[in-house]
Structures are given as structure tokens and as C-alpha cells.
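Comments concern the structure below.
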Ligand SMILES: Nc1ncnc2c1ncn2[C@@H]1O[C@H](COP(=O)(O)OP(=O)(O)O)[C@@H](O)[C@H]1O
Ligand SMILES: [Mg+2]
């Protein structure tokens, strides 16, 4: 018998016991629905984070520091570990090493990382943030490539400033974009106003940086704690012109990670600062031969990351890349995905028991029919195939409707999350993701499980003895 | 070609006892003959027919058809044998109840790999030849007993078997319908030269229709007449 006829017989068998077949399929629908929405959740979160990384070109950037200090050194219970790690450093970070890094083939841009904590004042409002000093050449890369309004820094000097959308909001201006065109309750209560981003370009604002006189502090460190050391601090304010506004970052965005404001690299060196500002500063003892605490490197091609990293490490410098952290994060996700997946698999296994039950019942009812088929020439294999078709169809139909159910569930969940959990002044999130591999994988898995469930019943059907099956009425 | 049965043995186990259902039976069924197997209930008639039909395997002995020993075939070869070499009909008809007359006949053709139009046409022709041209789309329970047995005869003949095996084909039918079925079997034997082995406990009918009569007792041949 050809496969088409066997499929027809399998289907007509299912059709004859409609109610039972539907209930069995429903079991698979629920199993696949659970499995797919669980995995969709795991993948969705992962995608959100990976996208956020991509939007900020984090995969193609790294930080070079002099001290060979890794996370494991910092977290290690023995403080001697950090000290030893620090002693290991060899090459200092200065203009000549910066030049060496710039000359490594494939390095698109390398600049010292300067981040200064500061206060921004615009009109009556002010906000505390960190200003990042960047070369104008960074305008070629995300997230500085396409701005919401204005342009990125035009030169490495001058009093130009680019602000993030979030900083603008904290300064009282909600820039209209495709995600938001009205004020949220919170915005209104904080007296913010809705503006068109373009109209803000060219506005003036003040950057206020605090300076600290280390000598004064060192003279009497305890005076600071009881407020007597006030005179060690002073504030300097500089006028800037707003040249550009960055796009709002996504739900897992990191636009503000390094600071809500960007100022030209050279300009930054003219502004008196606290002296230590980045984590690398705090970790490195004294200023010694290091001119910079950290150098930011961006590579042109992601494929070259490994090689470039190796070359810089061979210069006896330490390289830190956020994509290393992503590997850690991904491992964490793998565990989460596995747990979520396991729940779905259990649901599907229960459905498989349903399939076995249904098929065994079907065989008991059809013993005579199977006997007839064997008597007129049906082979063991053909009989088996008929039952595999039945099981496989249950799996296939169950998977299709299960995916539909899972997808519907994620849509409803997304609606609920965005309407009741995410505050209305935050970017809407979609925590679920249904990639094609999930859809095809779920279908394949469902069919596989169903066929496995059909193994025993099919073998049992094939073993039916026609003489016994046909003996009496 | 003749069917050669040599020293055939089939025993069943029932608790402590073993029942010799077929006991060292040997015979030759001539090609084109109408052989009737008679005997009391429990004498081993059905068991013998099932062995010849390849539905069951003997403990020992051989059944030679077309130069092949059916007793030595493996499961796969047996299913091919059942599909192509023999056709079988039963007292209780054994049609698939949710399939129409034509579909029942088609199923047999389908197992033999015949598809599409050819299958439709052949099943229709077969049913017409047993006088059921008007009953193609009827379900078994919409047919009379005689009609149902005709459908099963059409099905048994679907793949042009060398021998038709019939296990009490009229056992569930009234006498006039039985007579019609007997006439149909006789016609098939005479006109198409089909070899028929028929089990019956109706000795009278057996004497009339057969040209080879085997009488069984306790699984062995008690009497054998060839005309
Ligand atoms: N599957 C079986 N298990 C045990 N005994 C059986 C089985 N099939 C047949 N027998 C026994 O074998 C003998 C012959 O049976 P059968 O061939 O059906 O006789 P008949 O068809 O002549 O009435 C009987 O005694 C019957 O009880
Ligand atoms: Mg019998």
C-alpha cells in the first residue's frame, strides 16, 4: 500500500472517534502551548538584551586598562589577589600606548575613556548625570550615528553637548517620538513639557562639575565626615550648547550606561574634575605612569574582535569586553530556558501518555479490523505505519494549534504587562519572541514525541494475530 | 499447480493439555478443483484452512503452493502470500463495517499497491461480477447477508488469487441464499478455473458441489473422495 493510502486510513481512524481524538489533541495543544510560550519567554528576554547590546555596538567595543584585574580578582575573598594582580601590570596607559593601540590593524577608533560626574542645569531644572568625553569620530557608530535631533559633536573642541532622551526628560523636556506623543501622569506631576526635539537644538545649558582639593582632604580626613571639610570642595560651571539629542533607548536600553551627556574630548580635559571618576580609577592606585585610566577601543569588524583583543593583550595590557559578560549572561539564560523548557516538556509528556492511552483504546476497538487487514495482505509494517500516521497527526495538529495558543497567550501577557505593570512613561516591552526555529522546532518535537508515544501501540497492533482477531463475532 | 500438503501438524495448548487440531495430515489439492472439507465441529477444519491461508503457522509439515513452502515463509513473505496467492472468505463475512462495499474491495487492491482510477474500475468490475453493481456505496449493514458475502467474495478475488479459501461461507445464511452463494462459487470454479477449498459441516451440499471431498476427524483425514 502506498503512503497516501496509509495516511488516509490513519486520518479516517482519527475522524471516526472525533471526540476522543480532539481531547487527545487538546492535551498536545496545551503541552505545546506551554512549551512554546515558556521558550518564547526565555528567548524574548535574551533577544531584548542582545538587541540592546547591538544597538549600542557593544559587541565591537572593548576597554583597555593597565591593571590586569578581572571580576574574579575583585570578588576573591583574599584581598591579596587584587594587589598581586595590580603588580602584574606592565605597560602604562599613555599617549604612546594609545598610539600603539590605534595602529593595531582593524581598530576603528581608540580614545581615552573620560567620564565625569556632573550636574546639568537647563532653565529652572537640573539633573545629576555623568558626562562622557568622546571624540567627534564616534559619530560614525551607534548609538551616536542616527540621532533623534541635531548632530553629533562636530569637533573635539568647543562647548558642544549631546544629551540622551532620558536626560532631556529629567531636565523637564519630553521629546516627542514614535513611542510617546503625550505626557504620562508622572511627567505632568513633575511639570515636564512636551517638545519637538528639533526645537531644543541650540539651547544653552550649564555643566557644573565639582572639584575636590585632595591635599585639603588628606590633612584632616575625618573633618569631611562631620561636615567640617566643606572648603575642600568647589563647583565650576561651564556653558554648553545643545547640538544633538540621542534616540530613546529600548526597554533594556543602555544609552545611559556611561552617562547621559556627551562632550568633546578636548573640551573635557579643560574642565576641572573630581580626579577619579570611573571604576578603573578607583581600582588603580595613584596616577603613577598611567596617563589614562582606561582606553576605549572600537573595532571595525566584529569578526576581528578576538584577534585585536589578543594583540592588545600581547602588549601587556588588560582588555575588558562587555561581550564577555554577555557570555555569562547567556549561561544564566540557558539555565532559565532549561527550567522553563522542562516545564513545557513535562506538559508534553503528559500529553504523550494521553496519546498512548488513546491509541491503545483504538487498537482494542479495532482488533478485528486489524485482523481483517492482515488476512487480506496487510503487512506488519503497513499496520504500524497506519498507527504512526495517527500518532503523528495528533502531534502535528496539536503542535499547530498549540503554537497558536502559545502565541495568543504571549500576546495577552504582553498586553497585560504593558498596561498594568510597565509604568506608562516607560517604553513598552515585548518579552516574548517566536523565531522560526521555535515554530519548526516545536512542530518537530511534538511529532517526535507523538511518534514515540505511538511506538508501543503500533508494535502491539502489528503483533495482532489474525486468527485470534477473526475467530468469533 | 497442485497444492501439496505433507505431514501437517498444528497443536494448541489449553492449560495442561495439548490439542492436536491438525494431526499429521497429508493430501493433494488438484489445480482447478473444488475441494470441500467436512467434519464435526472441532475436527480441525478451520485450523487447516488458516494454515493453508497463511494466517497461522504449523508446528511441522509443509504446504507447497507454486513450488513454495508456505510453512517456511517469514512474516513479511506471509503477508505477500496472503495478499497475492490466496483469497479468503469467512462465515462472519469480516468486512470493515465503516467502509462501503466498494471501499472494502478497494482496500484489498490498495494493499497490493493498486491506486487511483485503476483501483476504482477494478473494484467496480469485481462487484458487478458478483451481481452487486448497484450496491457499490452501501455499507455492510445496509446489505443482506447474501450480498455481504458476495462483497467478501469480490474482495477475496481482487488480487487474482490462485486459490479461494472459504470457511463455512453459508453458515450464517438461509438456505436459498446459501444456494445462490454456492452457485456463485461453482461458477467461479467452472468458468474461471479457480481452485476452491471450502470448509463446511453440510455434507450434503459438499457432495453436490465438490469434486474432492476430505472428511476430517480429530485433525486427521478419516475419508477422502476424488471424483
Ligand atoms: N487458538 C486456539 N487455542 C486453543 N485451542 C484451539 C484454538 N483454535 C482451535 N483450537 C482447538 O482446535 C480444535 C480444532 O478447532 P477448529 O479448527 O476451529 O475446528 P472446526 O473448524 O472444525 O470446528 C478444537 O478442539 C479447538 O478447540
Ligand atoms: Mg470452524
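The values are calculated or read from the model by the stated rules, or taken from the named source; none is laboratory data. Just so it is clear, the structure is predicted and the values come from calculations on it, not from any experiment. Don't worry about glycine lacking a Cβ; one is built from the backbone with ideal geometry, like all the others, and counts go over all protein chains shown.
Please go through segment A:2-29 and give me each residue that is more than 14 Å from every other protein chain (Cβ to nearest Cβ) and crowded, with 20+ Cβ neighbours inside 10 Å, ordered by number. Steps first, please.
First pass over segment A:2-29, keeping only residues more than 14 Å from every other protein chain (Cβ to nearest Cβ): A:19-29.
Within segment A:2-29, A:21, A:24, A:25, A:27, A:28, A:29 meet the criteria.
Kindly state which helices (runs of 4 or more DSSP H) lie completely within segment A:84-201 and contain at least 2 residues that are at pLDDT 85 or above and not assigned by TED's automatic domain parsing to the domain that holds residue A:239. Don't jump to the end; show me each part of the working.
Details: elements: A:95-103, A:165-170, A:185-189, A:197-200.
Correct list: A:95-103.
Is at least one residue of segment B:165-184 away from ligand 1 (no atom under 16 Å from the Cβ), touching a residue at least 60 places away in the same chain (Cβ under 8 Å) and surrounded by 19 or more Cβ atoms within 10 Å (Cβ to Cβ)?
For segment B:165-184, residues away from ligand 1 (no atom under 16 Å from the Cβ), touching a residue at least 60 places away in the same chain (Cβ under 8 Å) and surrounded by 19 or more Cβ atoms within 10 Å (Cβ to Cβ): absent.
Select, from B:33, B:43, the only residue that is within 16 Å of ligand 1 (Cβ to nearest atom) and surrounded by 16 or more Cβ atoms within 10 Å (Cβ to Cβ). Before the answer, list the steps.
On the way: B:33 fails: within 16 Å of ligand 1 (Cβ to nearest atom).
Criteria check complete, one pass: B:43.
Out of everything in segment B:92-103 that is facing chain A (nearest Cβ under 9 Å) and either touching a residue at least 60 places away in the same chain (Cβ under 8 Å) or away from ligand 1 (no atom under 16 Å from the Cβ) (or both), what residue ends up being surrounded by the most Cβ atoms within 10 Å (Cβ to Cβ)? So that I can check it myself, show each step before the final result.
Of the residues in segment B:92-103, the ones facing chain A (nearest Cβ under 9 Å) are B:92, B:94-99.
The next check asks that each one be either touching a residue at least 60 places away in the same chain (Cβ under 8 Å) or away from ligand 1 (no atom under 16 Å from the Cβ) (or both); those that pass are B:92, B:95-99.
Numbers: B:92: 17, B:95: 25, B:96: 19, B:97: 13, B:98: 15, B:99: 17.
Result: B:95.
Out of all the residues in segment B:45-61, which are within 16 Å of ligand 2 (Cβ to nearest atom) and within 13 Å of chain A (Cβ to nearest Cβ)? Before you say what the answer is, go through the steps one by one.
Filtering segment B:45-61 for residues within 16 Å of ligand 2 (Cβ to nearest atom) gives B:45-53, B:55-56.
B:46, B:47, B:48, B:49, B:50, B:51, B:52, B:53, B:55, B:56, listed by residue number.
Is it the case, given these coordinates, that residue B:41 is part of a loop (DSSP other than H, G, I, E, B), within 14 Å of chain A (Cβ to nearest Cβ) and within 16 Å of ligand 2 (Cβ to nearest atom)? Reasoning before the result, please.
Details: part of a loop (DSSP other than H, G, I, E, B): yes; within 14 Å of chain A (Cβ to nearest Cβ): yes; within 16 Å of ligand 2 (Cβ to nearest atom): yes.
Against the criterion (part of a loop (DSSP other than H, G, I, E, B), within 14 Å of chain A (Cβ to nearest Cβ) and within 16 Å of ligand 2 (Cβ to nearest atom)), residue B:41 qualifies.
Given (1) buried (at least 20 other Cβ atoms within 10 Å of the Cβ); (2) farther than 29 Å from residue B:46 by Cβ; (3) at pLDDT below 95, where does residue A:377 come up short, assuming only one miss?
It is condition (2) that residue A:377 fails.
If the requirement is being at positive phi and touching a strand residue (DSSP E or B) at 6+ places or on another chain (Cβ under 9 Å), which of these qualifies: B:67, B:53, B:39?
B:39
From the list B:160, B:167, pick out the single residue that is away from ligand 2 (no atom under 16 Å from the Cβ), within 14 Å of chain A (Cβ to nearest Cβ) and touching a strand residue (DSSP E or B) at 6+ places or on another chain (Cβ under 9 Å). Walk me through how you get there before you give the answer.
Values: B:167 fails: away from ligand 2 (no atom under 16 Å from the Cβ).
None of the others qualify; the one that does is B:160.
Kindly evaluate residue B:64 against the criterion of being modelled with pLDDT of 95 or more and more than 10 Å from chain A (Cβ to nearest Cβ).
On the way: modelled with pLDDT of 95 or more: yes; more than 10 Å from chain A (Cβ to nearest Cβ): yes.
Against the criterion (modelled with pLDDT of 95 or more and more than 10 Å from chain A (Cβ to nearest Cβ)), residue B:64 qualifies.
Look through B:38, B:52, B:86 and report the one residue that is within 13 Å of ligand 1 (Cβ to nearest atom), crowded, with 21+ Cβ neighbours inside 10 Å and within 18 Å of residue A:373 (Cα to Cα). Give the steps one after another, and end with the answer.
Working: B:38 fails: within 18 Å of residue A:373 (Cα to Cα); B:86 fails: within 13 Å of ligand 1 (Cβ to nearest atom).
Result of the check over B:38, B:52, B:86: B:52.
I'm checking my understanding of the structure. Among residues of segment B:206-227 that are within 16 Å of ligand 1 (Cβ to nearest atom) and in contact with a helix residue (DSSP H, G or I) (Cβ under 9 Å, 6 or more places away or on another chain), which one is farthest from the other protein chains (Cβ to nearest Cβ)?
B:213
Go through segment B:79-91 and give me each residue that's within 7 Å of chain A (Cβ to nearest Cβ) and within 16 Å of ligand 2 (Cβ to nearest atom).
Result: B:88, B:90.
Would you check if there is a residue in segment B:186-200 being at pLDDT below 95, within 16 Å of ligand 1 (Cβ to nearest atom) and more than 14 Å from chain A (Cβ to nearest Cβ)?
yes
How many of the residues making up segment B:201-213 are part of a loop (DSSP other than H, G, I, E, B) and touching a strand residue (DSSP E or B) at 6+ places or on another chain (Cβ under 6 Å)?
Number satisfying all stated conditions: 2.
Report whether or not residue B:61 is surrounded by fewer than 23 Cβ atoms within 10 Å (Cβ to Cβ), on the phi > 0 side of the Ramachandran plot and in a loop (DSSP other than H, G, I, E, B). Even if it seems obvious, please write down each step before you answer.
Numbers: surrounded by fewer than 23 Cβ atoms within 10 Å (Cβ to Cβ): yes; on the phi > 0 side of the Ramachandran plot: yes; in a loop (DSSP other than H, G, I, E, B): no.
No, not satisfied.
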